[in-house]
Each structure stands twice: as C-alpha cells, then as structure tokens.
1. Quick one: what pairs do we get from the stretch 119-131, first residue at negative phi and at pLDDT below 85, second of a type in the set (A, V, I, L, M, F, W, C) and surrounded by 19 or more Cβ atoms within 10 Å (Cβ to Cβ), C-beta under 7 Å, 6+ apart or different chains?
2. Tell me, yes or no, whether the stretch 192-199 has at least one residue that is under 20 Å from His84 (Cβ atoms), modelled with pLDDT of 95 or more, of a type in the set (Lys, Arg) and out of contact with any strand residue (DSSP E or B) (no Cβ under 8 Å at 6 or more places or on another chain).
3. I'm checking my understanding of the structure. Among residues of the stretch 89-113 that are of a type in the set (A, V, I, L, M, F, W, C) and more than 20 Å from Tyr55 (Cα to Cα), which one is surrounded by the most Cβ atoms within 10 Å (Cβ to Cβ)?
4. Could you identify the single residue in Phe49, Phe14 that is modelled with pLDDT under 60 and either assigned to a helix (DSSP H, G or I) or surrounded by 20 or more Cβ atoms within 10 Å (Cβ to Cβ) (or both)?
5. Just name the residue that is surrounded by the fewest Cβ atoms within 10 Å (Cβ to Cβ) out of those in the stretch 149-188 that are of a type in the set (Lys, Arg) and either closer than 17 Å to Glu201 by Cβ or modelled with pLDDT of 75 or more (or both).
6. State which residue is nearest to the chain's Cα centre (by Cα) when the search covers only the stretch 56-70 and only residues that are crowded, with 21+ Cβ neighbours inside 10 Å and at pLDDT below 95.
7. Could we say that Ile135 is under 17 Å from the mean Cα position of the chain (by Cα), within 24 Å of His160 (Cα to Cα) and modelled with pLDDT under 85 here?
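The values are calculated or read from the model by the stated rules, or taken from the named source; none is laboratory data. Since the model is a prediction, treat every value here as computed from it, not as a measurement. A quick note on method: Cβ atoms are made from the backbone with ideal geometry, for glycine too, and the neighbour counts reach across all protein chains shown.
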Amino acid sequence: MLIKIPRFPLFIVFCGCITILFLVSPLVSAQSRYPETIAVLKMSYVGEFQALHSYAAYAQKANSENYPNIARLFSALAASEIIHARNFKKLLSELGTEAEKMPTPKIDVSSTRNNLKNAIDIELEEIDTRYPQFIQRIKPENFEAAIQEITYAWKSEQQHKELLQKIRSATGMFFGLLTKKIEGNPVDYFVCQRCGSTLVELPKDSCPVCDSPVSVYKKI
C-alpha cells in the first residue's frame, strides 16, 4: 500500500527553516561585524554596575556618619551610573547578545573621607584612561549608537569629577570644618534620565551632554 505524504506540511517546514535563518542571520552578522564594540560594551556595563553599587554603599555610609549632602551626591552618582548601565545593556541586546548577569558585588566601604578619595580615583581612571581607550577601540567598527552612548557616559563622568573635586580638599586635615560648611548648604542634584548627565542646577534649554529636553532630568 502506498502512503501519500502531504506536501503542505513539508512546505510549512521548509518555510519555517527559511524564517529561522532569516531571524538568526542578522544577529550572527551583527556579532561578527562588531566584535570589539560588543566586548567594550560588556566591559563598560560591568564597570558601571560595580560603580553604581559602590556609590550606593558610600551614600549609605555617609548617611550613617551624618553627612546627608555627601550622601545625596553619592546617590546622584549612583543614579547616573544606572542610566549608563541600562544604555549599554540595551545596545548589547540590539546586537544580539546579553550583558553578563552580575551578582551584587561586595564593596569595600571605609569612612566617608576615604570613600570620597576612592570615588575621585574611580572617576579619574574612567575619564583619563578607560573611556578614551574604549572609544578608540570601537571607532573602526563604526557602530554609531555605541560610540554615542560611550561618549555620553564619558562626558557624564567628567561632570562627576567636577562635583567630587569641589569637596576634594575636604578629604585632608580640615575635613571636619569643610564638611560642616558642605552640610550647612543643602544641594539638590539632577540626573538626565537619557544619558546620566549630573548637575546641581537644571540647564536652561537642554541637556549639555545629549541635548535632551530639560524635562528628562530627575531630581535626586
């Protein structure tokens, strides 16, 4: 007895294979075209993830030592790093890969005075070394979205350094006197929810880093 094999299911299977190939091939292409960009985005995500947890821990410590203004600064920096990490993670997803799943890091928390010194060291390393190197690494692959986001993060980190340097001298022998002055003048911080720009006053027209409207800033 001859058994007839329906043609329609075979056609469905064939079309299904074509569909799978069509969906997968762009992802494979993206990962092969932008290997350096993907590697840099992954490293940048890890760095921002660690930084945001460091700043959150520093903020908690500053509050416990009765330095609410310094705690607010650390909280603003953490909020900015969250934006950077989110943007890097989104780009990785668009490139067909995922950011590494990170456990909550163990942060070495010292006194607020030492934490300020550590924070400045972190920012200087990112500004002077990491981000300039990252941008140079990914430029040849010309993935504009990644170049833009890393540049935004770099410019935001420069703002972080400026904010930290305003109280840098307070980490010296006159820490007690200067922190009293700092704590006597409450400061609000504003973080752009698009790029992480961090300011003590809202800009007049638009974000100085990404040119987004002022309405995207959030008060911390």
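1. Ile122/Ala51
2. Going through the stretch 192-199, the residues under 20 Å from His84 (Cβ atoms) turn out to be 192-199.
Narrowing the set further to residues that are modelled with pLDDT of 95 or more leaves 192-199.
In the following step, the residues that additionally are of a type in the set (Lys, Arg) were identified as 194.
In the following step, the residues that additionally are out of contact with any strand residue (DSSP E or B) (no Cβ under 8 Å at 6 or more places or on another chain) were identified as 194.
Yes; the residues of the stretch 192-199 include at least one that is under 20 Å from His84 (Cβ atoms), modelled with pLDDT of 95 or more, of a type in the set (Lys, Arg) and out of contact with any strand residue (DSSP E or B) (no Cβ under 8 Å at 6 or more places or on another chain).
3. At the first step, the residues of the stretch 89-113 found to be of a type in the set (A, V, I, L, M, F, W, C) are 91-92, 95, 99, 102, 107, 109.
Now drop any that are not more than 20 Å from Tyr55 (Cα to Cα), which leaves 91-92, 95, 99.
Numbers: Leu91: 23, Leu92: 20, Leu95: 20, Ala99: 20.
The extreme case among them is Leu91.
4. Working: Phe49 fails: modelled with pLDDT under 60.
After ruling out the rest, the residue left standing is Phe14.
5. Residues of the stretch 149-188 that are of a type in the set (Lys, Arg), as a first pass: 155, 161, 166, 168, 180-181.
Still in the list and also either closer than 17 Å to Glu201 by Cβ or modelled with pLDDT of 75 or more (or both): 155, 161, 166.
Details: Lys155: 18, Lys161: 18, Lys166: 13.
Filtering the stretch 149-188 for residues that are of a type in the set (Lys, Arg) and either closer than 17 Å to Glu201 by Cβ or modelled with pLDDT of 75 or more (or both), the one surrounded by the fewest Cβ atoms within 10 Å (Cβ to Cβ) comes out as Lys166.
6. Kept after step one, since they are crowded, with 21+ Cβ neighbours inside 10 Å, are these residues of the stretch 56-70: 58-59, 62, 67, 70.
Restricting the remaining residues to those that are at pLDDT below 95 gives 62, 67, 70.
On the way: Ala62: 22, Tyr67: 25, Ile70: 21 Å.
So, considering only residues that are crowded, with 21+ Cβ neighbours inside 10 Å and at pLDDT below 95, the one nearest to the chain's Cα centre (by Cα) is Ile70.
7. When the stated conditions are applied, Ile135 does not pass them.
For (1) over 15 Å from Tyr34 (Cβ atoms); (2) not in a helix (DSSP H, G or I), each residue gets a yes or a no:
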residue	(1), (2)
Asn69	yes, no
Pro105	yes, yes
Asn118	yes, no
Asp128	yes, no
Ile135	no, no
Ile138	no, no
Ile147	no, no
